[in-house]
1. Given the residues GLY189, GLY216, GLY203, which is the only one that is at pLDDT 90 or above and either in the same structural domain as VAL323 (by TED's automatic domain parsing) or among the small types (Gly, Ala, Ser) (or both)?
2. For a quick check of your reading of the model, give me the residue pairs whose first member lies in region 402-427 and is within 22 Å of LEU377 (Cβ to Cβ) and not assigned by TED's automatic domain parsing to the domain that holds LYS105, whose second is open to solvent by 70 Å² or more (accessible area, probe 1.4 Å) and modelled with pLDDT under 95, with beta-carbon atoms closer than 9 Å and at least 6 apart or on different chains.
3. Please state which one of ALA388, ALA369, ALA317, ALA299 is free of Cβ contacts under 8 Å to residues at least 40 places away in the same chain and open to solvent by less than 10 Å² (accessible area, probe 1.4 Å).
4. Just name the residue that is nearest to MET151 (Cα to Cα) out of those in region 328-365 that are of a type in the set (A, V, I, L, M) and open to solvent by 50 Å² or more (accessible area, probe 1.4 Å).
5. Which members of region 452-462 meet the condition of being closer than 15 Å to ASN396 by Cβ and either over 26 Å from the mean Cα position of the chain (by Cα) or surrounded by fewer than 18 Cβ atoms within 10 Å (Cβ to Cβ) (or both)?
6. When the residues of region 22-39 are narrowed to those that are assigned to a helix (DSSP H, G or I) and of a type in the set (Phe, Trp, Tyr), which ends up least open to solvent (accessible area, probe 1.4 Å)?
7. In the list ARG238, ARG163, which residue meets the criterion of being among the charged types (D, E, K, R), at pLDDT 85 or above, open to solvent by 30 Å² or more (accessible area, probe 1.4 Å) and in a loop (DSSP other than H, G, I, E, B)?
Amino acid sequence: MKQGFRQSMAWLHGWAGLVMGWLLFAIAITGTASVFRPEISNWMRPEISAAPDPQKALAAAVEYLKKAAPDAPGWYLTAPDDRAYPVMVAYATKNEKGEGDYVQKALDPLTGRPDGIRDTLGGEFFYRFHFELQMPYPWGRYLASAAAMLMLVALISGIITHRRIFADFFTLRPGKGKRSWLDAHNVMGVLAMPFHLMITFTGILTLVTLTMPWGGVANYGDDIAAFYKDISPGFYSRPRAERPAPLGDIEAMLNDARRRMHGGRIGYANIDNPGDANAVLEVTRHDGDQIAYAAEILAYDGVTGQLLSQYQETRPARKTYDVLYGLHIGRFAPEFSRWLYFLCGLALAATIGTGMVLWSISRTRNRGAGHVLVERLTTGAIGGMPLAVAATFWANRLLPDGMPGRQGLEVDTFFAVWGSAILFGLLRTGRRGWIELMAVTAAAWLLLPAASALTAGRGLLSFPWRGNGLFVCFDLVALALGAIAALICVKVMRAPVMKAGRA
């Protein structure tokens, strides 16, 4: 090998980041937003202001489902809490053509009905995009997992490459062109390096049964049901009896489950075979009560209310997986820790973004068509992502509440704006493209609080602030993001023009 080891690692670091850098940036941004998924969903549903008793809210939601989806094979309910106000329900049904369809709704926790609540995915869209990329199963998950694997390679090779990386953490030289971008890349990378490694490795691990299924195949062959039954023995299931029977007192079962959890909160309540004599109510403990994901599950006979099983995971291997999964999603984290997750997520996105820009700047000499293409894709894909996120929030506030297909139009707005930004970046020089995209992004975020106050009557510009803390905080974050975009715009505008032929 003619090159030294560190030089080889530098080559690997650059190309591992480049191959999926644009996608990694989008994954990092939407994953960072997912830290506050419940709060974003509440902001996007300003009609709901508080969460009452979870057991009563879930019982009211069940009454709604009895009428709205009596023939569904199962009902899946997410309990409200101090972070997520509505009851989220989902069920499978068939459309007019007889094809399978999946319905998800937000219900008012007091009435148990969707009346008056705008149709939106809320923060669920960013959460799902983070690992599914809005692609059919399983292709989006495969692609997201491949991107995470390349991210891990880039992180490890980057640590090896930058011999003085920790010393460089204390060096930030603004206004020095390429040197400034490298300093920013180093600072953002080192600032939260343990977080970057943790979130990337655990992200790969969350999809390991999909991307590395060979252990299950070797032991279970084609019997996938048996495989998942042994992985998650707490989930209780039984076939339909094909005899109709009304559900029992759901609220009483939920209260009993709460007592058996010794004060723990209810996270999910799923009802299999509703309306059948073999109906089963499964209650899962709230993810925020412990680091480990889905650590305790109780099952009740949906008709009689008899406890069928209570399972708490104790197997070391599975518990280790659940803890690592819990670390990735961070639902256990108290408010201060959630903000740390959020800031570290922004640092990861900044590390990816500055790395992509640095790759382009480092190749200003003898640039070919491929280098120009990478530079302009970087401008549009990375510069346009924050604008697309802001556009989603604008769509939430401006689209009429009762518009058919409103939920899909919000998602379409995200992709339309991001796609337009990528096309814009391809048509403009990198410098002008950054200035113009950042100017529009700054305006979108800075004006968002005003749009929210005018359309929803809540937020920093509305009075009184009492009971309005979530909306005020959201507006402050929007203003901060707008200020950062404006600062980038000004810095790029004032930076000296780098001529071709100079590094």
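The values are calculated or read from the model by the stated rules, or taken from the named source; none is laboratory data. Just so it is clear, the structure is predicted and the values come from calculations on it, not from any experiment. Backbone-built Cβ (ideal geometry, glycine too); neighbour counts: all protein chains shown. The protein model used for the area step is the full one, side chains on, heavy atoms only, and it has no ligands, DNA or RNA in it. Shrake-Rupley method; radii C 1.70, N 1.55, O 1.52, S 1.80 Å.
1. GLY203 is the lone residue from the list that is at pLDDT 90 or above and either in the same structural domain as VAL323 (by TED's automatic domain parsing) or among the small types (Gly, Ala, Ser) (or both).
2. Filtered contacts from region 402-427: PHE414/GLN134; PHE415/GLN134; LEU426/LEU373.
3. So the residue among ALA388, ALA369, ALA317, ALA299 that is free of Cβ contacts under 8 Å to residues at least 40 places away in the same chain and open to solvent by less than 10 Å² (accessible area, probe 1.4 Å) is ALA388.
4. Selected residue: LEU346.
5. LEU454, THR455, GLY457
6. PHE25
7. ARG238
Per-residue answers, yes or no, for (1) modelled with pLDDT of 95 or more; (2) farther than 30 Å from ALA292 by Cβ; (3) not in a helix (DSSP H, G or I):
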| site | (1), (2), (3) |
| --- | --- |
| LEU346 | yes, no, no |
| LEU358 | no, yes, no |
| VAL372 | no, yes, no |
| ALA391 | yes, yes, no |
| TRP394 | yes, yes, no |
| ASP412 | yes, yes, no |
| VAL417 | yes, yes, no |
